[in-house]
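This report concerns only the one structure given below.
The values are calculated or read from the model by the stated rules, or taken from the named source; none is laboratory data. Computed from a predicted structure; not experimentally measured. Cβ placement follows ideal geometry from the backbone for every residue including glycine, while neighbour counts extend to all protein chains displayed.
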Amino acid sequence: MNRKEISAGGVVYRQKDGQLQIQLIQDRYGKTSLAKGKMEAGETVEETALREIWEETGIVGKIISPVDIIAYQYNHPEYGVVDKEVHYYLVEAGEGTLKPQIEEINGVDWYEPQEAWKKQLQGGYSNNDIILQKALELLKIDV
Ligand code: ATP
């Protein structure tokens, strides 16, 4: 039996001077991605998503709706093949200023939707395409 891992995170957005912006992180593997992290005992997936967004990026978010779940496998040096599931939510940014947790991620920033989509296509994991696409759809944004 492969090891299983469940993580949760979000497509975080904010309004800045009347312009919608999307949060993207640079993960510790050098790829464009979304804030997320592993579930802890006693947490709901929504709680995990908001805790990880807060810990990794310094932003206090509010869940707006589920987006989707992605699944992938990766090879862990100790545990071997891991079956991973990541639950993503659309999350509105509340208080807090961007403060990347450098132990976990390489960086975090805000991007206008068009720019975020381009960055995702160029440097993101392809299974996150659908996540960003669905989130933009929920926000009624065409890219
Ligand atoms: P977390 O605690 O945030 O879930 P982690 O660093 O323990 O993070 P992953 O982000 O899943 O775990 O990274 C483990 C491996 O999977 C790395 O090699 C990474 O590049 C790869 N990976 C990360 N995200 C994806 C994805 N969406 N699709 C495919 N592989 C991914």
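Scanning the stretch 93-143 for residues that are among the acidic types (D, E), closer than 17 Å to E56 by Cβ and in contact (Cβ under 8 Å) with a residue 12 or more places away in the chain yields E95, E104, D109. Against the numbered list (1) closer than 29 Å to K140 by Cβ; (2) crowded, with 16+ Cβ neighbours inside 10 Å; (3) of a type in the set (K, R), K84 comes up short only at (1). Scanning the stretch 23-46 for residues that are among the acidic types (D, E), away from the ligand (no atom under 12 Å from the Cβ) and either under 12 Å from the mean Cα position of the chain (by Cα) or closer than 12 Å to V91 by Cα (or both) yields a single hit, E46. All of (1) under 29 Å from K4 (Cβ atoms); (2) assigned to a strand (DSSP E or B); (3) away from the ligand (no atom under 14 Å from the Cβ); (4) not β-branched (V, I, T) hold for A135 with one exception: (2). Candidates in the stretch 115-132 are the residues that are in a helix (DSSP H, G or I) and touching a Ser or Thr at 6+ places or on another chain (Cβ under 8 Å); of these, the one that is nearest to the ligand (Cβ to nearest atom) is N128. Quick one: in the stretch 93-107, which of the residues that are part of a strand (DSSP E or B) and more than 13 Å from the ligand (Cβ to nearest atom) is surrounded by the most Cβ atoms within 10 Å (Cβ to Cβ)? Filtering first and then ranking leaves A93.
From the list H87, H76, the one residue that fits, being within 12 Å of the ligand (Cβ to nearest atom) and over 9 Å from G10 (Cα atoms), is H76. Is it the case that some residue within the stretch 81-92 is part of a helix (DSSP H, G or I), in contact with a Pro (Cβ under 7 Å, 6 or more places away or on another chain) and at pLDDT 95 or above? The answer is no; no qualifying residue exists. Output the residue which, of all residues in the stretch 45-73 that are in contact with a Lys or Arg (Cβ under 9 Å, 6 or more places away or on another chain), among the β-branched types (V, I, T) and assigned to a strand (DSSP E or B), is nearest to G10 (Cα to Cα). Looking at residues that are in contact with a Lys or Arg (Cβ under 9 Å, 6 or more places away or on another chain), among the β-branched types (V, I, T) and assigned to a strand (DSSP E or B), I get V67. E85 meets each of the listed conditions (1) farther than 25 Å from R3 by Cα; (2) out of contact with any helix residue (DSSP H, G or I) (no Cβ under 8 Å at 6 or more places or on another chain) apart from (1).
Is it true that some residue in the stretch 47-70 is free of Cβ contacts under 8 Å to residues at least 12 places away in the same chain, within 16 Å of the ligand (Cβ to nearest atom), over 16 Å from the mean Cα position of the chain (by Cα) and surrounded by fewer than 17 Cβ atoms within 10 Å (Cβ to Cβ)? Scanning the stretch 47-70, I find no residue that is free of Cβ contacts under 8 Å to residues at least 12 places away in the same chain, within 16 Å of the ligand (Cβ to nearest atom), over 16 Å from the mean Cα position of the chain (by Cα) and surrounded by fewer than 17 Cβ atoms within 10 Å (Cβ to Cβ), so the answer is no.
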